[in-house]
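In what follows, a single structure is set out as structure tokens and then discussed.
The values are calculated or read from the model by the stated rules, or taken from the named source; none is laboratory data. Computed from a predicted model, the values in this text were never measured in an experiment. Cβ atoms come from the backbone with ideal geometry, glycine included; neighbour counts cover every protein chain shown.
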Amino acid sequence: MAAAKTASTTPELTVRSIVVGLIVAVIIGSAYPYCVLKLGFGPNLSVVSAFLGFIALVLILRAAGTNSRENNIVQTMGTSAGQTAFMAVLLAAFDMLNTRGTFNPPIHLGTWQIFFWLCSASLLGILLAVPMRRHYIDEENLTYADGLAAGETIRVLHEGRETGVSAGPVKALALGTFASAAVMTATTLKWVRENWFFPGMEPMRVGFNISFLGFGSGLLVGFRICLAMGIGTLISWIILPPFLMKHGMITALDFASTLRWVMWPATGLMVAGGLVSLALKWNLIVKTFRGLKGSKMQSTDFPIQYVVIGSIVMTVIICLVQYFSMGIPVYLSFIAIILSLPLMLVGLRVLGETNWGPISAMSNMMQAIFAFISPGNVPVNMSSSGLTGTIAVTSEALMQDFKAGQLLKSNPRSLTIAQLIAAPVGSIATAIVYPILRDKFGIGDNGLSGPSV
């Protein structure tokens, strides 16, 4: 009898994994815009895509020989499409400003304009993140909790299929799934929603929220990071606001007034911390890029020459799309792309340590920068913000998938290809679904306008 294939040699980028991945990408890419526009955030894409992939490959198709690495390809494609669809918040921001008369003349993006804009920026974000895998995943081994959870979920599901549902990890996974769903359902009750604030802190939106999602993320991220975030929350939202109010720095003890003060110091701290951390580890960065040269490159790596060529092509397309669709000068688009690189690196580090992707904060930082570069030019400000957000969100998705792949011994090149295939799917899904949502529900105070918008 031939020896069983090891995990690292089982097929992954197969026809069935790609087809199922495309289906999952269409589903998530179509559903995600409503989630983020309604709530301001979306569910864990990695784990949801992993579950959908397992259901399709194993329970519906009952495909013989299906393995965890194929399931990870499906998870990767679903995550890629969904993260691209997250940028529906930017499209909603444009329409909100159109409604308020901020743009003169108004900027209305058609379906194909939306597609080419999101697709080119998403593909650029994926390509730019490829060389950073060795640094963040191999060298520093950051947590990337969503990717770790997705990889562990896939591994447990496939091990359970082989060993039987009585296996301990499968039981724990099932118990956690149903318990989290039950708690999430219970917290949507009207009485809970009206009474979760601490007494007297309703305007600040400070209270408690029982969620196994947050509990599970905390378990994966670790005590040190959770404690630091808890201290930051305590200082920013409980201790400082009365002091700021007393000295006239904010006008009222409410969430909106305090956020205007908290946002910029917090963003500055985050960006400075991320860049300093990179600077202190410059030798690891140099080692990473030296390892990408020629013969030193492993056969499992995505070719660096494709990264360079693809990045140049996507940069040209972005500059042209923004020039003809929004009237943005080419040189300003190019500056926005260059400035997005360090912010992307900061976002990848923050996500790896905290499991929170600071997309809005990075976009806000870019808006502040372009307020100096091109004062009073709102279209440039918004387009640069959206470009940074799209690059950040897709690069973060790829790094989460690399983390899951590390656990499952997936081929990084295959995961990159899967992301590149799925990003256009998420882009066209968003380009089609968003106008439908806008026309049906409206955008603004009486329609869809999550906090990110």
- Note on the structure: Considering residues that are surrounded by 24 or more Cβ atoms within 10 Å (Cβ to Cβ), in a loop (DSSP other than H, G, I, E, B) and among the acidic types (Asp, Glu), the number found within the range 117-160 is 0
- Kindly provide the set of residues from the range 394-409 that are of a type outside the set (Lys, Arg) and either free of Cβ contacts under 8 Å to residues at least 24 places away in the same chain or closer than 18 Å to Pro131 by Cβ (or both), ordered by number. Thr394, Ser395, Glu396, Ala397, Leu398, Met399, Gln400, Asp401, Phe402, Gly405, Gln406
- Do we find that Ser414 is surrounded by 20 or more Cβ atoms within 10 Å (Cβ to Cβ), in a loop (DSSP other than H, G, I, E, B) and of a type outside the set (D, E, K, R) in this structure? no
- Message: Just to check your reading of the model, which residue among Gly347, Gly310, Gly357, Gly352 is in a loop (DSSP other than H, G, I, E, B), touching a helix residue (DSSP H, G or I) at 6+ places or on another chain (Cβ under 9 Å) and not aliphatic (A, V, I, L, M)?
- Response: Gly357
- Assess whether Ser68 counts as being crowded, with 20+ Cβ neighbours inside 10 Å and more than 18 Å from Ala397 (Cα to Cα). yes
- Message: Just checking, does the range 88-109 include any residue being in a loop (DSSP other than H, G, I, E, B), among the small types (Gly, Ala, Ser) and either within 28 Å of Phe302 (Cβ to Cβ) or under 23 Å from the mean Cα position of the chain (by Cα) (or both)?
- Response: no
- Query: Taking the range 275-303 on its own, how many of its residues are at pLDDT 75 or above and surrounded by fewer than 17 Cβ atoms within 10 Å (Cβ to Cβ)?
  - Reply: 7
- Message: Anything in the range 71-103 that is surrounded by fewer than 24 Cβ atoms within 10 Å (Cβ to Cβ) and farther than 17 Å from Ser385 by Cβ? List them, or say none.
- Response: Thr99, Gly101
- Item | Condition met for Lys190 (of a type in the set (D, E, K, R), farther than 26 Å from Pro358 by Cβ and modelled with pLDDT of 80 or more) | no
- Query: Here is a list of conditions, (1) at pLDDT below 85; (2) farther than 14 Å from Tyr136 by Cβ; (3) buried (at least 21 other Cβ atoms within 10 Å of the Cβ); (4) of a type in the set (S, T, N, Q), and Asn355 meets all of them except one; can you say which number that is?
  - Reply: (2)
- Message: Checking the conditions here, which among Leu415, Leu420, Leu408, Leu448 is over 18 Å from Met96 (Cα atoms) and in contact with a Lys or Arg (Cβ under 7 Å, 6 or more places away or on another chain)?
- Response: Leu408
- Item | Qualifying residue in the range 423-431 (condition: closer than 17 Å to Phe94 by Cβ and either free of Cβ contacts under 8 Å to residues at least 24 places away in the same chain or among the β-branched types (Val, Ile, Thr) (or both)) | yes
- Could you grab me the full set of residues in the range 401-453 that are polar (S, T, N, Q), at pLDDT 90 or above and within 27 Å of Glu353 (Cβ to Cβ)? Gln406, Ser410, Asn411, Ser414, Thr416, Gln419
